[in-house]
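Take a look at the structure set out below.
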Amino acid sequence: MINAILIEDSRLARQELKELLKSFPQVQIAGEAGTASQAEELIKLVNPDLIFLDIHLPGKSGFDILQELDSVPAVIFTTAFDQYALQSFDYNAIDYLLKPIVPERLEQAIQKAEILLKEKGGCSA
Amino acid sequence: MRKIGKTTGFWPVQTGVWILAGCLNYFAQQFNSGMPVSVILLNAAGLVGGGFAITSIYRYYLKQQNNQFKLQASKFILSLLGSTVIQSICWLALLWLIFLPTIFKYHIGTVQFCLNFIPLTGVLLIWNLVYIGYHLLRQYHTTEVERWKLEAEIQKARLGALKSQINPHFMFNALNNIRALILEDPQVARDMVTKFSEIFRHALQHSEDKEITVAEELKILSQYLELIRIQYEEKLQYQVNADNSILSETMPPMILQLLAENAVKHGVAASPSGGEIIVDIKRTCNKLLLIVKNTGTLSPKKQLENNLGIGLKNITERLKLLYDNDASLSMEEHPPYVVVTISINKYD
């Protein structure tokens, strides 16, 4: 089971992602956040294996949030436009998904996450 | 017959053509004139040498003039005929010098000799027409290619304008939100699809128009704001104020939408608690004022993209293109709002 959280400022976008993630029972959504400060609290609280992270957030960017973390979980970026794809490599992102997310791409991203988390051994199967 | 060219061998062609002309003349004379071979050879040499020299000099003259063949048609024809006559006279004089020793021996009359002026002029006219025609064709071709290039550039610029008018973030976020709405509230989702297509159609139709009516622009603005609102929901509050009397005024298309987009980006999206946008459209005696306020401050924040003002810079450039100095954009802080005002002079 992958312990995941969603960080995304639009409620409907979170709704959409949750809907898409219903097809992946191995991903358990442990919480969701709409702002950077909520996100920071949530990460401390649930210590997730995987974050679905929007880059455009009010106040801080998704990149800013990652920079402030002591240990960075696996990250799948979700964003509407591809101008930050290169920058996302600097943060060891597993994948970079463009909204509206194509289900097949989401499947690939989750498979990659599973492999990575198994290697790390941080995943309680 | 192809001749000349700055880069394509003028000299081989020029030499070849004149030698060929000389040979033809030699054989023709040999079978018809009954003159001694020495005279026929001399004649051919005079033709080849003279023709070669005179046309080469003419080419040099044209090059010196740096004549881009852009003269008026009448002047051009006059210059062509004049040059041809002068060339023929020179050529004839040259031939006369060459034949001076033999001219009396064979009793060639002055008139008879001078009649050579006609075929010489004909030959030169052909040479000149081919030379100039070739260059005109080349020039036409170059102009054509340049025109195509220019058109491609314009096309690119138009696409660029369209791109800058429809923000991809807006577009894909809207589509993504609509996807979620389809499950949550199908009726609203259907409305949003319609609004989305209206905005898109508006951008496609008016991306090249100089001006449209305030009424049209306001209709699209409200659809845009409603669509934006499904992204921010209660975090975005807005109002649009415009007097009925100014609905028939004209203004550049997409400007209000770009201002609203800018206001959303800096006043609503940047704050966890959202913000408010107020759009006012007013008319003074000689100005149309488009005022967009958003909550927030001007102090530069540490942001992902440090492009505060890129949107406004684009608008300023567009206004400059459309109105030159008859429009201006200003940005001020009137807490709790940042106020962007566009002022367009009206002379009616």
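Would you please name the residue that is nearest to B:Ile255 (Cα to Cα), looking only at residues in segment B:194-237 that are of a type in the set (Val, Ile, Thr) and within 13 Å of another protein chain (Cβ to nearest Cβ)?
B:Ile228
Looking at B:Gly22, B:Gly51, which one is closer than 18 Å to B:Trp96 by Cα, surrounded by 19 or more Cβ atoms within 10 Å (Cβ to Cβ) and without any contact (Cβ under 8 Å) to a residue 40 or more places away in the chain?
On inspection, the qualifying residue turns out to be B:Gly22.
Among the residues of segment B:215-231, count how many are surrounded by fewer than 20 Cβ atoms within 10 Å (Cβ to Cβ) and out of contact with any strand residue (DSSP E or B) (no Cβ under 8 Å at 6 or more places or on another chain).
Qualifying residue count for the region: 4.
Within segment B:294-304, can one find any residue that is in the same structural domain as B:Ala203 (by TED's automatic domain parsing), closer than 24 Å to A:Gly59 by Cα, modelled with pLDDT of 90 or more and crowded, with 23+ Cβ neighbours inside 10 Å?
Yes, segment B:294-304 contains a residue that is in the same structural domain as B:Ala203 (by TED's automatic domain parsing), closer than 24 Å to A:Gly59 by Cα, modelled with pLDDT of 90 or more and crowded, with 23+ Cβ neighbours inside 10 Å.
Out of the residues in segment B:238-277 meeting the condition of being out of contact with any helix residue (DSSP H, G or I) (no Cβ under 9 Å at 6 or more places or on another chain) and farther than 22 Å from A:Ala39 by Cα, tell me which one is farthest from the other protein chains (Cβ to nearest Cβ).
Of everything passing the filter in segment B:238-277, B:Ser245 is farthest from the other protein chains (Cβ to nearest Cβ).
Identify, from the list A:Leu12, A:Leu53, A:Leu17, A:Leu57, the residue that is within 14 Å of chain B (Cβ to nearest Cβ), hydrophobic (A, V, I, L, M, F, W, C) and in a loop (DSSP other than H, G, I, E, B).
A:Leu57
Assess whether A:Gln38 counts as being surrounded by fewer than 17 Cβ atoms within 10 Å (Cβ to Cβ), farther than 24 Å from B:Glu233 by Cβ and either at pLDDT 95 or above or within 13 Å of chain B (Cβ to nearest Cβ) (or both).
No: the conditions fail for A:Gln38.
Looking for something part of a strand (DSSP E or B), of a type in the set (A, V, I, L, M, F, W, C) and surrounded by 15 or more Cβ atoms within 10 Å (Cβ to Cβ) - is there at least one such residue anywhere in segment A:78-93?
no
For residues that are in contact (Cβ under 8 Å) with a residue 40 or more places away in the chain and either touching a helix residue (DSSP H, G or I) at 6+ places or on another chain (Cβ under 8 Å) or surrounded by fewer than 21 Cβ atoms within 10 Å (Cβ to Cβ) (or both), tally how many sit in segment A:11-25.
6
Please go through (1) without any contact (Cβ under 8 Å) to a residue 40 or more places away in the chain; (2) in a loop (DSSP other than H, G, I, E, B) for A:Gln28 and return the number of the only condition it doesn't satisfy.
Answer for A:Gln28: the failing condition is (2).
The values are calculated or read from the model by the stated rules, or taken from the named source; none is laboratory data. What you see is a predicted model, and the numbers here were worked out from it, not measured in a lab. So basically every Cβ, Gly included, is an ideal-geometry build from the backbone, and we count neighbours across all protein chains shown.
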